[in-house]
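The values are calculated or read from the model by the stated rules, or taken from the named source; none is laboratory data. Only a predicted model underlies this, so the values are computations on that prediction, with no experimental measurement involved. Virtual Cβ from ideal backbone geometry, glycine too; neighbours counted across all protein chains shown.
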């Protein structure tokens, strides 16, 4: 009676080697598929970038968009860049209120189909609201626009506007700050970007701060309602 030859000790059996090949084959196939997918994806991405680099950038209506061509050259914006319009609770949460200041969504005065933000400032305090998470590069735009509503009999007649860049914490002179007078009803305040750029680095804008000058003076609690805040292109 013949006996079955034994496998040398220290080496895997034929069955084990066969099983290893069977289990490794699907993994090898998956690895090859993944490699092919990566190579194709990189080719498609490079082709898309090459095409986009030769085309002018166009911002989406009503959405934050850093207007910068892929090759590093600035393109002229054609539409407003909305920084904030208070259209949802998420938009309200982007504004950070100072101590004693409240921000609440309300229906717009004279425009009940729109949502705006009513800001109640603290009497005797210069704290306001600040907007973070805005596009850093403001080059190519003509002006900053802020829609603000003043309701009678409020005593607030001026709004403080401050814009900081990345150097403002270390260098207080590296900021844009101005006082804007308000009239009753809706006001559209405009601030030339060229003027802003003379005070700060337009490629490194960090935050926008709004506060009430009258909050420092005795009187009633200042209340303002804010609508759209946007960067507008040149009208020429």
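Identify all residues within the stretch 80-93 that are at pLDDT below 90 and farther than 20 Å from residue 151 by Cα; write none if there are none.
Matches in the stretch 80-93: 87, 88, 89, 90, 91, 92, 93.
So which residues in the stretch 99-146 are on the phi < 0 side of the Ramachandran plot, in a loop (DSSP other than H, G, I, E, B) and free of Cβ contacts under 8 Å to residues at least 40 places away in the same chain? Residues satisfying the conditions are 99, 101. A residue that is surrounded by fewer than 17 Cβ atoms within 10 Å (Cβ to Cβ) and at pLDDT below 90 occurs somewhere in the stretch 158-168. Within the stretch 209-223, can you find the residues that are assigned to a strand (DSSP E or B), buried (at least 19 other Cβ atoms within 10 Å of the Cβ) and modelled with pLDDT under 85? 212 - this is the single residue of the stretch 209-223 that is assigned to a strand (DSSP E or B), buried (at least 19 other Cβ atoms within 10 Å of the Cβ) and modelled with pLDDT under 85. Taken over the stretch 123-155, the criterion of being in contact with a helix residue (DSSP H, G or I) (Cβ under 6 Å, 6 or more places away or on another chain) and modelled with pLDDT under 95 is satisfied by 125, 126, 155. Residue check: residue 202 meets all listed conditions (1) surrounded by fewer than 19 Cβ atoms within 10 Å (Cβ to Cβ); (2) more than 17 Å from residue 130 (Cα to Cα) but one, namely (1).
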